[in-house]
Amino acid sequence: MKRGELNLDIATKVAEFESLLNKVLPKRVFYKLMPSGKGLEFDGYRVFSSDEDASLIDWKASARSVNLLARQYIEERNMNVVFVFDVGENMIFGSQEKLKCEYAAEMAAAFSHSVLNVNDKVGFVLFNDDLVRVCYPVPGKKQFDIFVYNVSDPYIYQGVSDIGAIINKLLETLNPSTSMVVLISDFLRVNESQRKDFERLGTLYETIALMVRDPLDRSLPDINKELVIEDYDHERLLINPSIVKKTYEEMVKKQTQFVKDLFLSSSIDLLELDTSKDFAFDLAHFLGSRVDRRD
């Protein structure tokens, strides 16, 4: 990648994702992504129509009736979804067609467009080792364009990200009316010292984490010669991948499992994504599974 341009195709990715999402998660049940009790107020039951989505059926109520009954709600939309997006230098990395930052930008654009498409609000926080930019939730296409403009700016990807270090500032920044927080990062620097911060975030807000990693974040290539590598702190090291490959993979596996366990204990839903595979299918079904758990 030349510093000055990103390889992005936002329009195509938005269309592909929404096509899949509409099959998995009809708009009429999109609200179930949000916390129970937010967004819609239960108003009673009505007879279910055969052309409606079956997930609206209340089976327990139907069992007590001679008809299939659907839950009826009074809309109180105004959902506020805040995307917390990693713009550290660690995201300017990749061995595939897309760098992690490009992959993440397309995914965030597609997800945010779906939120705005049901008349909810989107806000965003861009971070590295500090809060870089903050934009409070607003509805509409203009907000989508602002979000895309920011994550498409190659010059904003600077510094070494440390999401654990910014959670306290994030919590001070988030509005109490926030319905959902979407964390997007590689989470490579998450560690035990940040446990209480993540637990607090998961307790206060409905939170999901989208982990974006490149295949080289997981495994080294089979190359039997010495190479000079540079880490995200700009420290250089001479290595032979074939010698350190096993140790590296074990360390990555251990850190990844730690992140999974930490988020699970913090009530944060995690989706692992790999830049070698398109995100649309996995993200759509991940969101669909959240709806299934609420039924």
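The values are calculated or read from the model by the stated rules, or taken from the named source; none is laboratory data. Only a predicted model underlies this, so the values are computations on that prediction, with no experimental measurement involved. Every residue, glycine among them, receives a Cβ derived from its backbone with ideal geometry; neighbour counts consider all protein chains shown.
Checking the structure you have, find out if any residue of segment 124-135 is in the same structural domain as Phe258 (by TED's automatic domain parsing) and free of Cβ contacts under 8 Å to residues at least 12 places away in the same chain. Step through it out loud before you land on a result.
First pass over segment 124-135, keeping only residues in the same structural domain as Phe258 (by TED's automatic domain parsing): 124-135.
Retained after the next criterion (residues that are free of Cβ contacts under 8 Å to residues at least 12 places away in the same chain): none.
No, segment 124-135 contains no residue that is in the same structural domain as Phe258 (by TED's automatic domain parsing) and free of Cβ contacts under 8 Å to residues at least 12 places away in the same chain.
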Evaluate segment 73-94: report whether one residue or more is under 30 Å from Tyr155 (Cα atoms), assigned to a helix (DSSP H, G or I), modelled with pLDDT of 85 or more and out of contact with any helix residue (DSSP H, G or I) (no Cβ under 7 Å at 6 or more places or on another chain). yes
Top-ranked residue of segment 162-187 - restricted to ones that are among the aliphatic types (A, V, I, L, M) and surrounded by fewer than 19 Cβ atoms within 10 Å (Cβ to Cβ), ranked as nearest to Pro215 (Cα to Cα): Ala165
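Could you check segment 132-187 and list, in sequence order, the residues that are in a strand (DSSP E or B) and touching a Pro at 6+ places or on another chain (Cβ under 9 Å)? Break it down stepwise before answering.
At the first step, the residues of segment 132-187 found to be in a strand (DSSP E or B) are 132-138, 180-185.
Within segment 132-187, Met180 is the sole residue that qualifies.
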Limited to segment 246-292, what total is found for residues that are in contact with a helix residue (DSSP H, G or I) (Cβ under 9 Å, 6 or more places away or on another chain) and not hydroxyl-bearing (Ser, Thr, Tyr)? 25
Given (1) of a type in the set (A, V, I, L, M); (2) modelled with pLDDT under 65; (3) outside any loop (DSSP other than H, G, I, E, B), index of the condition Met1 fails: (3)
When residues of segment 113-142 are limited to those that are polar (S, T, N, Q) and more than 26 Å from Asp162 (Cα to Cα), the one nearest to the chain's Cα centre (by Cα): Ser114
Of the residues in segment 95-121, those that are modelled with pLDDT of 95 or more and in a strand (DSSP E or B) number 0
Within the bounds of segment 110-119, is there any residue that is surrounded by fewer than 20 Cβ atoms within 10 Å (Cβ to Cβ) and under 19 Å from Leu201 (Cβ atoms)? no
Please enumerate the residues belonging to segment 190-213 that are surrounded by fewer than 20 Cβ atoms within 10 Å (Cβ to Cβ) and either part of a helix (DSSP H, G or I) or among the charged types (D, E, K, R) (or both). Glu192, Ser193, Gln194, Arg195, Lys196, Asp197, Glu199, Arg200, Thr203, Leu204
